[in-house]
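The values are calculated or read from the model by the stated rules, or taken from the named source; none is laboratory data. Please read all numbers here as calculations on a predicted model, not as lab measurements. Using ideal geometry, Cβ is built from the backbone for each residue, glycine included, and neighbour counts are taken over all protein chains shown. For accessibility, only protein heavy atoms count, side chains too; no ligands or nucleic acids. Shrake-Rupley method; radii C 1.70, N 1.55, O 1.52, S 1.80 Å.
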Amino acid sequence: MSQSPPSLISLPVVGAKPDLGKNIDYQRFMDCVHCGLCLGSCPTYNETGNENDSPRGRIYLWRAVTDGRIDLTPEVKTHLDLCLECKACETACPSGVQYGKIIGSYHQDMAKLGPAFPRLNGVQRWALFHLTPYARRMAWALWPLRVAQRLGLRPMIDRLGRWLPPSLRRMQEMVPPLAPHHGSLATIYPAEGPRRARVGFMVGCAADAFFPQTTMASIRVLQKNGCEVVVPRSQGCCGALHYHAGLVEPAKQFAVANLMAFGKDLSTLDAIVNNAGGCGPVLKEYDHILEGTPVADQAKDFARKTRDIHPFLTELGPIRPKHAIPIKATYHDACGLSHGQKIRAQPRQLLALIPGLELVPLADSEGCCGAAGSYNLTQPEMSEQLGRRKATNILETGARAVFTGNVGCLLQIAKYLREGDSAFWVAHPIDALWAAYSGEIPRGLV
Ligand code: SF4
Ligand code: SF4
């Protein structure tokens with residue numbers, strides 16, 4: 001095991017800010033013994049081969065900045081900003097380094113020093129923080145595109161999109177084929193057959209706007225498996241977009257709003273189920289996010305009851321679906337599920353229940369696809385490299401469908417597969433499970 005420090009960029013000590021990094025227990029830095037065993041798992045290091053773009057390099061850089069040994073120059077920031085926060089390094093690290101907390105401390109300090117994600121323009125920043133986290137605003141914003149797609153005008157929109165500035169074109173290109181929106185949801189969906197559990201359901205924001213069919217599939221699959229599903233109207237975004245940008249106060253407000261929304265039902269719910277791999281880790285951190293506030297106890301309850309839909313169903317004992325989907329399919333591990341929540345086997349176990357479905361392995365299935373929350377906007381070049389790599393790996397499986405449990409991955413993978421084979425079915429595992437329960441299998445697939 002090598003103890004040698006990484007070969008860092010050489011920087012003069014000029015005007016170091018002694019107040020940086022004071023939001024983290026210094027021991028977190030010391031946990032890293034510089035062994036380098038995490039390097040091969042890091043997507044950005046694998047792309048650039050630069051030690052400063054590796055977990056070990058970034059820990060070393062941020063620690064040196066907080067010590068005042070080097071200045072936080074644009075070059076240092078570039079290496080820290082290129083991190084996807086995928087946490088593949090946490091999975092690989094034998095010393096239990098909590099890398100997410102270390103890079104989180106950097107983002108929190110940056111949010112205090114200036115606008116979050118300085119590479120974004122005003123429109124992108126507004127879309128990220130004032131549109132995407134609000135389900136109703138998102139539904140309205142996507143409504144003209146939904147109508148245009150139903151009228152068969154998507155090719156025309158794509159052609160017109162070429163005239164947009166690159167930053168806006170990237171946002172337009174991410175929009176997938178949109179299913180009709182379900183409109184307002186009921187607040188309670190009864191269990192089918194004898195009730196086995198009473199669960200709350202987190203609808204989310206962007207996930208529901210882009211993939212309303214997955215919201216409905218999740219509720220129906222839960223009902224089918226004997227769950228009464230409670231869907232409070234006043235719930236909202238989990239706060240992940242703000243939290244990962246270091247904007248802790250707005251993230252707290254989203255968390256408190258969700259506590260209030262589930263408030264009176266919380267004690268009677270067996271679980272609060274979510275279907276978005278990127279949201280689950282933040283929902284499970286509500287106890288930490290709201291520590292020391294007047295709602296700390298409710299936050300603990302909320303975090304304790306938060307469950308991703310895949311393990312929730314496998315532990316409940318899922319009913320076997322009857323309709324066959326006789327195709328070859330593969331599965332991409334969303335970082336928020338595999339690295340963030342250690343959920344790997346359960347989505348595959350649910351897919352294995354589907355008659356006729358042949359699940360084939362995907363090379364580097366746990367490698368980040370480059371979506372990583374807002375990363376495709378903040379770091380478009382690296383995001384594109386990782387998106388293309390993921391699409392190539394998927395196409396090499398010979399599958400006709402790819403399943404993944406997170407909205408960002410669904411958008412990213414669908415975008416890069418559209419460049420090649422548009423007949424690919426890109427969906428959430430729960431969409432596949434519902435199709436096998438209901439027989440509503442996408443046209444042209446079988
Ligand atoms: S983060 Fe972990 S695996 Fe990576 S260098 Fe530090 S101790 Fe080693
Ligand atoms: S979070 Fe991902 S991109 Fe960032 S250092 Fe760790 S492995 Fe690399």
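Quick notes on this one:
- One decimal place: the segment Arg169-Arg136 gains 9.6 nm when fully extended, by the rule 0.36 nm per residue minus the C-alpha distance.
- Each of the peptides 25-31, 267-273, 253-259, 331-337 was scored by the mean count of other Cβ atoms within 10 Å over its residues; in descending order, highest first, they stand as 331-337, 253-259, 267-273, 25-31.
- Filter on Lys305/Lys390; Lys101/Lys328; Lys112/Lys284; Lys224/Lys252; Lys77/Lys252; Lys224/Lys264 - keep pairs with C-alpha separation over 31 Å: Lys305/Lys390; Lys101/Lys328; Lys224/Lys252
- Other residues whose C-beta falls under 15 angstrom from the C-beta of Arg136 contribute a net charge of +2, scoring Lys and Arg +1 and Asp and Glu -1.
- Among beta bridges that DSSP assigns inside region 319-438, antiparallel share in %, nearest 5: 0
- Shape category assigned to region 144-288 from the gyration tensor of Cα positions, a/c cut at 1.5: oblate
- Across the chain, the relative contact order, built from alpha-carbon pairs under 8 Å that are at least six residues apart, equals 14 percent.
- The orientation-averaged projected area of the convex hull spanned by the Cα atoms of region 122-174 comes to 3.8 nm².
- Dimensionless Rg ratio for region 31-113, taking C-alpha atoms and the 2.2 N^0.38 Å reference: 1.01
- In a fully extended conformation the segment linking Thr48 and Ala257 would gain 71.1 nm over its present Cα-Cα distance, using 0.36 nm per residue.
- Antiparallel DSSP beta bridges within region 188-314, percent to nearest 5: 15
- Using θ = phi - 60° in the Karplus curve 6.51 cos²θ - 1.76 cosθ + 1.60, the 3J(HN,Hα) couplings for region 265-276 round to 8, 3, 5, 9, 8, 6, 7, 10, 9, 10, 10, 10 Hz; x is entered for Gly and Pro.
- Within region 96-110: backbone nitrogen closer than 19 Å to the Val33 label point (7 Å, Cα to C-beta): 96-99
- Of all DSSP beta bridges in the chain, antiparallel share, percent nearest 5: 10
- The calculated pair-distance distribution of the chain uses every alpha carbon pair, bins of 10 angstrom beginning at 0, and gives 4, 21, 31, 27, 14, 3, 0 percent.
- Structure remark: mean-square fluctuation, Gaussian network model of the chain, C-alpha springs under 10 Å; the largest value among Thr73, Thr306, Thr214 belongs to Thr73.
- Label-point gap, in nm, between Arg195 and Lys77 - each point 7 angstrom along Cα→Cβ: 5.4
- Packing-based ranking, highest mean first, of 344-350, 219-225 given that Cβ atoms within 10 Å are counted: 219-225, 344-350
- Its DSSP H runs of at least 4 residues, each contributing -39,500 (n - 2.57), put the calculated 222 nm mean residue ellipticity of the chain at -13000 deg cm²/dmol, to the nearest 500.
- Label-point separation, Arg162 to Lys112 (7 Å along Cα→Cβ), nm: 4.9
- Count Lys and Arg as plus one, Asp and Glu as minus one, and take only other residues whose Cβ is under 15 Å from that of Tyr331; the net charge is then -2.
- Accessible area per residue for region 122-174, computed on protein heavy atoms with a 1.4 Å probe, is 66 Å².
- Applying a 4.7 Å Cβ-Cβ cutoff to the chain leaves Cys32, Cys35, Cys42, Cys83, Cys93, Cys227, Cys369, Cys409 as cysteine residues with no disulfide-compatible partner.
- Anisotropy class assigned to region 287-382 is oblate, per the alpha carbon gyration tensor with a/c at or over the 1.5 cut-off and a/b no larger than b/c.
- Percent of Cα pairs exceeding the 18 Å cut-off, where the set is region 319-438: 48
- Amide N of region 393-417 lying under 18 Å from the label point, which is placed 7 angstrom from the Cα of Val446 along Cα→Cβ: 399-403
- Solvent-accessible area, 1.4 Å probe, carbon plus sulfur percent, for the chain: 56
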